[in-house]
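The values are calculated or read from the model by the stated rules, or taken from the named source; none is laboratory data. All values derive from a computational prediction rather than experimental measurement. No Cβ is skipped: glycine too gets one built from the backbone with ideal geometry, and neighbour counts run over all protein chains shown. Side chains included, ligands, DNA and RNA excluded: accessible areas come from the protein's heavy atoms. Shrake-Rupley method; radii C 1.70, N 1.55, O 1.52, S 1.80 Å.
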Amino acid sequence: MMSSSATSTNGAQSPGLKTYFKTPEGRYKLQYEKTYPAGLLHFAHGKTVTQVTLAHLKDKPTQTAQPSSSSLGVSSGVRSAAARLLGGGNGSRALGFVGGNGGSKSVSGTNRVGSLGASSSNGLLGNSNFDGKGTYLIFNAGDVILISDLNSQDKDPIKSIHFSNSNPACHAFDPDAKDGHDLLIGLNSGDVYSVSLRQQLQDVGKKLVGAQHYNKDGCVNNSRCTGIAWVPNGDGAFVVAHADGNLYIYEKSKDGSADPSFPVIKDQTQFSVAHARYSKNPVARWHICQGSINTIAFSTDGAYIATVGRDGYLRVFNYNNEQLVCGGKGYYGALLCCAWSMDGKYILTGGEDDLVQVWSMEDRKVVAWGQWSCVDSYWSAPTSDGTGESIVYRFGSVGQDTQLLLWDLEADEIVVPMRRPPGGSPTFSTASQSSHWDSTCPVGTLQPAPSMRDVPKLSPVVIHRVHTEPLSGLNFTQESVLTVSREGHIKIWIRPGSAESQSSNSGSLLSTSLKEKPLFPGKAGSTGYKQMT
């Protein structure tokens, strides 16, 4: 059954779906697709939701005869602006800012299935002298982690890593890793691995090569991993979120054996921090909320970490101080996803209420909202160049309705709205302020959801059906947009102006740095789209 389904899906473009969509800056064209080989997945396929991590390897190791975890060279030239799926069993929403988000190294997981056992198999790639330079897509489907070459038009992956007793649920890549272990993988069983991506590409064997194993067999926490992220500028530190509302901090430099001696949590509804008694991993436990943490996301500079959960709250913490800064409630049900703007000024959230909310870190409150049927978000957070042009933030969303939505948020329009009739267009004024805007929220306060009448409403600039299956992820690169279905199918859409360069150099989809050309050619009126650096 799974084999025939995969075969039909891997075929030609489904009828009724266009191979392009139009935006204010031009036409995006479907370049090619990625998926898993037909017949690869087993009965466990439906138990996880596919997420994608972009990984850019720049330099070949100086020694290839005996690859070591410290011999890798990686580059930060490509930063994933991928949308994150939040809460596998809770729905499928994802949000993201265009152009890259250094704090977006998190994805969410799904249901727990048994304990761990890992092996790898592939017949397409295995060479100890392999020059891994390039950009790769890492995605999970069923009980498999798959690795594809983003610059290749081949649908099938070049590497697959199978997990025998538990499904991979989340993963993250660190382009600045110093010791070679740059890839994290979290499982439904709670187990966590750190590995060298290049070593996996070089290996021809049937095991996960050179892996460091954390929380083995769920000895510290046996609930499923729902999110995993490297700490930006954290010198090898990473965090893992679990379905029981706990978040653990690990350090690669310390013993991988677990320290399960954390005290009992007295109040499940309150935030609390406990540190390990011994110099072992995990080094700390943060109890965030009662119920599952659905997604975690770091700000680009690593100063703040945002979480959203089953209880419907966004929480933003000062990571170094281990303190709650702000947060608030969604309108209905769980919050499923969150994403930072690159300048750290705004946070997107999306959830079961079918709304996307824009949170201001300066005001510590919701400053805009939009209606979607489902979302996964990512932004581009440009900086002003002193020309007096209005700043526009572009973000995208995908979800279960199979549609891609693109939104523009103009910073100059985020001002106090006047009271207006329900359903009317928002008007803006410095007078007639509602209670939502009257005072600044105190630090450490979780707010109730504001009245929709008191907050400006956004409308998407693009709505386009891109898949036949529910969507779970969205990634932005310099030259393309990637849409990801829950079932493991990925489409790469080339940005306007990039198709011509691709025809002359088909092997360089991500050959340029994010700084080499603007995200959006041209201007819309007096508004300038400017890329964050």
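Brief remarks on what is shown
- Looking only at the range 1-49, and only at residues there that are within 25 Å of Gly227 (Cα to Cα) and at pLDDT below 65, the one that is most open to solvent (accessible area, probe 1.4 Å): Phe43
- Residue within the range 292-299 that is assigned to a loop (DSSP other than H, G, I, E, B), within 19 Å of Pro232 (Cβ to Cβ) and under 21 Å from the mean Cα position of the chain (by Cα) present: yes
- Residue count, the range 163-197 (criterion: outside any strand (DSSP E or B) and among the small types (Gly, Ala, Ser)): 7
- Hey, Gly218 at pLDDT below 95, closer than 28 Å to Ser472 by Cα and over 23 Å from the mean Cα position of the chain (by Cα) or not: yes
- Residues (open to solvent by less than 10 Å² (accessible area, probe 1.4 Å) and under 21 Å from Thr135 (Cα atoms)) located in the range 176-192: Gly180, Asp182, Leu183, Leu184, Ile185
- For beta carbons closer than 6 Å, sequence separation of 6+ or different chains, a first residue in the range 322-340 that is more than 25 Å from Phe476 (Cα to Cα) and a second that is open to solvent by 10 Å² or more (accessible area, probe 1.4 Å) and of a type in the set (Gly, Ala, Ser), the qualifying pairs are Leu324/Gly444; Lys329/Ala449; Tyr331/Ala449.
- Taking the criterion of being in a loop (DSSP other than H, G, I, E, B) and out of contact with any Asp or Glu (no Cβ under 8 Å at 6 or more places or on another chain), the residues of the range 198-210 that qualify are Asp203, Val204, Gly205, Lys206, Lys207, Leu208, Gly210.
- Strands (runs of 3 or more DSSP E) (entirely within the range 211-255) containing at least 3 residues that are open to solvent by less than 10 Å² (accessible area, probe 1.4 Å), over 18 Å from His275 (Cα atoms) and touching a residue at least 60 places away in the same chain (Cβ under 8 Å): 225-230
- Verdict on Ser397 being at pLDDT 55 or above, crowded, with 24+ Cβ neighbours inside 10 Å, assigned to a strand (DSSP E or B) and of a type outside the set (D, E, K, R): yes
- Number of the condition not met by Lys266 [criteria: (1) open to solvent by less than 30 Å² (accessible area, probe 1.4 Å); (2) in a loop (DSSP other than H, G, I, E, B); (3) without any contact (Cβ under 8 Å) to a residue 24 or more places away in the chain; (4) not hydroxyl-bearing (Ser, Thr, Tyr)]: (1)
- Residue in the range 305-314 that is open to solvent by 10 Å² or more (accessible area, probe 1.4 Å) and without any contact (Cβ under 8 Å) to a residue 60 or more places away in the chain present: yes
- Apart from one condition, Gly333 fits all of (1) assigned to a loop (DSSP other than H, G, I, E, B); (2) of a type outside the set (S, T, N, Q); (3) buried (at least 20 other Cβ atoms within 10 Å of the Cβ); the exception is (3).
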